[in-house]
Amino acid sequence: MKVLVTGGSGFIGQYCLAQLHARGYEVHAVSSVPRASTASVQWHQASLLDLSQTRDLVRLVKPSHLLHLAWYTKHGKYWTAPENLNWVQGSLTLMQEFFESGGQRLVTAGTCAEYEWSHGMCVEGQTPLVPATLYGSYKHALQQMQHAWCSHRNLPGAWGRVFSLYGPAENPDRLVASVIRALLKAEVATCGNGSLVRDYSHAEDVASAFVSILESDLNGPVNIGSGEAVSLHDLVERIAIKLDGRSLLRFRPPSLAPSGEPALLLPDITRLLSTGWKQKFDLDSGLDDTIAWWRRQPGSSGA
């Protein structure tokens, strides 16, 4: 079996590569910058937004499986970025070339932002899909086109909808990373509305969920989460207790926190669990792993 992974150097993809190799796949990954191949991963340099480069890549590799994780994800900008449309176009070319080259199974990364957030608990095939953001709208549009393509051609394809993430090497400005970094330096950590309830998953567990979906017979959308609900207040409190920094936490009053975020946003992960997937980290052990990684980074008081 030969798998092509896009976004293989990303937050989730970096974990997928090792897991796929361990399962016996011949692993190929693509990057827009040169990367040295290893015994476990063969890297290819190409821009997936260049349609000719995408065609050449797929025709060269001829993968049996495609795990498509790449997208525009610049923190603070991806929600409204015009690059979202470019990624729809590039992804469609990638999918078409994959199937025309004899590809057997496709799994693509989606997002919880496809759902209508007012429903709180999100269930595939039941919760309305009414994205509130440009990012969610374009992801959902791609999901509809992937579904139509696979249904028309009777081809297997699944779509993993990712909820909240954390873990080593996360963008330092995101919630978990920013709180850990501040407290390691004995600085004040300012947080938004602590009453919001989310499902947070360690990136390594999200990666293993994608691999489980890839190896399963599931088609269509599959929610990816931990199944563990936590308020943002409790989440950062757990971090602060581990770092003896509760006195450094500051929460904005709800009236001053950014608006538009749902009070409750959780996935039903029944479909994911049907693949036999099991998470490696609960929230406490995942936070311990993440804190340990940040301690090792230059500039941290724990380095």
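What follows draws every value from the coordinates through simple rules; no lab data is involved. Fair warning: this is a prediction, and the values are worked out from it, not measured in the lab. All Cβ positions, glycine included, derive from the backbone under ideal geometry; neighbour counts span all protein chains shown.
Tabulated results
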item	result
Counted residues, the range 220-241 - those being under 11 Å from Thr270 (Cα atoms) and aliphatic (A, V, I, L, M)	2
Test: Leu183 is crowded, with 22+ Cβ neighbours inside 10 Å and either β-branched (Val, Ile, Thr) or more than 15 Å from Gly286 (Cβ to Cβ) (or both)	yes
The range 116-153, residues that are touching a Lys or Arg at 6+ places or on another chain (Cβ under 8 Å) and either crowded, with 20+ Cβ neighbours inside 10 Å or closer than 15 Å to Gly220 by Cβ (or both)	Cys122, Glu124
Failed criterion for Cys16 (all others in (1) buried (at least 22 other Cβ atoms within 10 Å of the Cβ); (2) outside any helix (DSSP H, G or I) hold)	(2)
Matching strands (runs of 3 or more DSSP E) fully within the range 222-298 where at least 2 residues are under 24 Å from the mean Cα position of the chain (by Cα)	229-231, 264-267
Selection within the range 223-240 - out of contact with any Ser or Thr (no Cβ under 8 Å at 6 or more places or on another chain) and of a type in the set (A, V, I, L, M)	Ala229, Val230, Leu235, Val236, Ile239, Ala240
Selection from the range 74-100 of residues that are crowded, with 17+ Cβ neighbours inside 10 Å and part of a loop (DSSP other than H, G, I, E, B)	Tyr78, Ala81
Candidate set from the range 71-99 (those that are in contact (Cβ under 8 Å) with a residue 24 or more places away in the chain and hydroxyl-bearing (Ser, Thr, Tyr)); member that is farthest from Arg174 (Cα to Cα)	Thr93
Elements of type strands (runs of 3 or more DSSP E) in the range 149-220, at least 2 residues being over 14 Å from the mean Cα position of the chain (by Cα) and in contact (Cβ under 8 Å) with a residue 24 or more places away in the chain	157-162, 189-191, 197-202
Residue list for the range 219-246, filter: among the hydroxyl-bearing types (Ser, Thr, Tyr) and surrounded by fewer than 18 Cβ atoms within 10 Å (Cβ to Cβ)	Ser231
Any strands (runs of 3 or more DSSP E) falling wholly within the range 19-69 and containing at least 2 residues that are among the β-branched types (Val, Ile, Thr)	26-31
